[in-house]
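Report on the structure given below.
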Amino acid sequence: MTRPAGSTDEVVHVEGLWTRYRTVDVLQDVSFGVERGELVALLGPNGAGKTTTVEILEGFRRPSAGVVRVLDADPSQADQAWRARTGVVLQSWRDHSRWRVREFIAYQASFYAPYQRGPSTNVDRLLAAVGLVAQANIRIGALSGGQRRRLDLAVGIVGSPELLFLDEPTSGLDPEARRDFHDLLTETCHDAGTSVLLTTHDLEEADRLADRLLVLVDGKMIAQGTTEELRHEIVGPDEVRWTVGTRRFAHRTTESTAFVRSLFANEGDAIEDLEVRRASLEDTYLELVRRAEASPSSAPEATPRSAA
């Protein structure tokens, strides 16, 4: 399912994006949008073009062709005031270990102070929001992995960004720390109306957090939509199985919840062994990738027109 870019409430608008390295098209005719307040997950195998896409949106790389608008500006031409409206949480940080948590956040906040449209950052309030009050005076190098990711998120949102980029934010975390980070992200960003573009290989994470999914394979955007939309479009209907007496029944439907309610209304206590089989996001994603990789790729007839 594709979703046309161009909404009046988009914070990210990408249309016909191409990126060519020498003779290789890393991104080919990619189009998508991110709405204000939306959390979108960008999925794809290694080498699909996810990093290149995000680097273009952040203004660190120029496209070969296409239209890219982020917060109503061309990222490659944007100034510091524009950058202050965005936040970034990278996959990992390995420096700054000698800084203490509070002083490091205060230092980062100082860069945003000249551009903030509202009240200046309250560092203590931010520490409380990310659950690091008890670690405020601890050196960063002594934090646990989960605490470090909380600090990374604090640095990402210290300037109250309108758009936050998250690159594999829970990579290497244990399940409990990952769940805590998900809750924290929802509380501090999603509920506050901050738009988020998340890149992740964790399909459970994408399923839990994202309002919408983008699937990139071999530089092409092969699917866009909610988990439910993609599941029904790609894998097909749910299958409901049940037993009445000695007879076994099965029914395929895209409205399994409504069907089960109707079934109980009609059959009641006679139903045994009821089972609803739904395809997971992993099933859907793997099928999307399989189809894309099985399709013969066609080289473009000509080099796309330069974006310059």
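For the reader, a short list of remarks on this structure follows.
- The string of couplings for region 205-219 from the Karplus curve (6.51, -1.76, 1.60, θ = phi - 60°) is 4, 4, 5, 6, 9, 7, 6, 8, 10, 10, 10, 10, 9, 6, x Hz, one whole number per residue in order, with x for Gly and Pro.
- Cut-off 14 Å between beta-carbons: net charge of the residues surrounding Asp273, Lys and Arg +1, Asp and Glu -1: -1
- Note on the chain: GNM, Cα springs under 10 Å; of Ala265, Ala250, Ala65, the largest mean-square fluctuation is that of Ala265.
- Within the shell of other residues whose beta carbon sits under 13 angstrom from the beta carbon of Ala250, the net charge comes to +1, with Lys and Arg scored +1 and Asp and Glu -1.
- Amide hydrogen neighbours beyond the local backbone of Leu27, cut-off 5 Å, H modeled: Thr19
- Relative contact order, whole percent, for region 25-139 stands at 18, derived from Cα pairs under 8 Å and 6 or more residues apart.
- Rounded to the nearest 20 debye, dipole of region 178-250 from Cβ charges on Lys, Arg, Asp, Glu: 460 debye
- Dipole of the chain, positive end: most advanced residue of Val196, Tyr112, Ile56 [Cβ charges, Cα centre]: Tyr112
- In this structure the amide hydrogen of Ala65, modeled in the peptide plane, comes within under 5 Å of the amide hydrogens of Trp18, Ala307, none closer than 5 places in sequence on its chain.
- Relative contact order for the chain, counting Cα pairs under 8 Å that sit 6 or more residues apart, in percent: 22 percent
- Reciprocal mean inverse distance between Cα atoms of region 39-115 - Kirkwood radius, Å: 14.9 Å
- For the chain, modelled as a GNM whose springs connect Cα atoms under 10 angstrom apart, the maximal fluctuation among Leu39, Leu90, Leu57 occurs at Leu90.
- Largest GNM mean-square fluctuation across Val40, Val123, Val260, computed for the chain with C-alpha springs under 10 Å, falls on Val260.
- Using the Cβ-Cβ distance between Arg62 and Ser110 with R0 set to 25 Å, the FRET efficiency from 1/(1 + (r/R0)^6) comes to roughly 0.25.
- Computed from backbone phi with θ = phi - 60° and the Karplus coefficients 6.51, -1.76 and 1.60, the 3J(HN,Hα) list for region 139-152 is 5, 4, x, 9, 6, 6, x, x, 5, 5, 5, 5, 5, 4 Hz; x is used for glycine and proline.
- Dipole magnitude for the chain: about 980 debye, using +1 per Lys or Arg Cβ and -1 per Asp or Glu Cβ, origin at the Cα centre.
- Helix 101-112 axis, angle to the chain major axis (alpha carbon atoms, nearest 10°): 80 degrees
- Against the chain, whose longest principal axis comes from its Cα atoms, helix 281-294 is set at around 90 degrees.
- Prolate/oblate/rounded label for the chain (Cα gyration tensor, a/c 1.5): oblate
- Region 223-268, relative contact order [Cα under 8 Å, separation at least 6], %: 27 percent
- Hz values of 3J(HN,Hα) by residue in region 73-81 - Karplus curve (6.51, -1.76, 1.60), Gly and Pro given as x: 9, 7, x, 5, 10, 6, 9, 5, 4
- Carbon and sulfur %, accessible surface of region 1-85 computed with the full protein complex present, 1.4 Å: 47 percent
- Relative to the longest principal axis of the Cα atoms of the chain, the long axis of helix 256-267 makes an angle of roughly 30 degrees.
- Placing +1 on each Lys and Arg Cβ and -1 on each Asp and Glu Cβ, with no other charges, gives region 96-159 a dipole about its Cα centre of roughly 120 debye.
- Surface per residue (accessible, 1.4 Å probe) for region 42-150, Å²: 53 Å²
- Carbon plus sulfur fraction of accessible area for region 175-308, probe 1.4 Å, in percent: 45 percent
- For region 13-61, the normalised intensity computed at q = 0.15, 0.24, 0.29 Å⁻¹ comes to -0.42, -1.04, -1.37 (log10 of I(q)/I(0), Debye sum over alpha carbons, equal scatterers, no solvent).
- All-pairs Cα distance distribution in region 149-233, expressed in whole percent, bin size 10 Å: 15, 49, 30, 6
- Principal axis extents of the Cα atoms in region 1-143, from largest to smallest and rounded to whole angstrom, are 50, 33, 29.
- Positive-end residue of Ser160, Leu263, Thr253, charge dipole of the chain with Cβ unit charges: Ser160
- Under 5 Å, built H, 5+ apart or other chain: amide partners of Leu43: Leu214, Val215, Leu216
The values are calculated or read from the model by the stated rules, or taken from the named source; none is laboratory data. Bear in mind that the values here come from a model prediction, so they are computed numbers and not experimental data. Please note: Cβ atoms are built from the backbone with ideal geometry, for glycine as well, and neighbour counts cover all protein chains shown. Note: areas computed on protein heavy atoms with side chains; ligands, DNA, RNA excluded. Shrake-Rupley method; radii C 1.70, N 1.55, O 1.52, S 1.80 Å.
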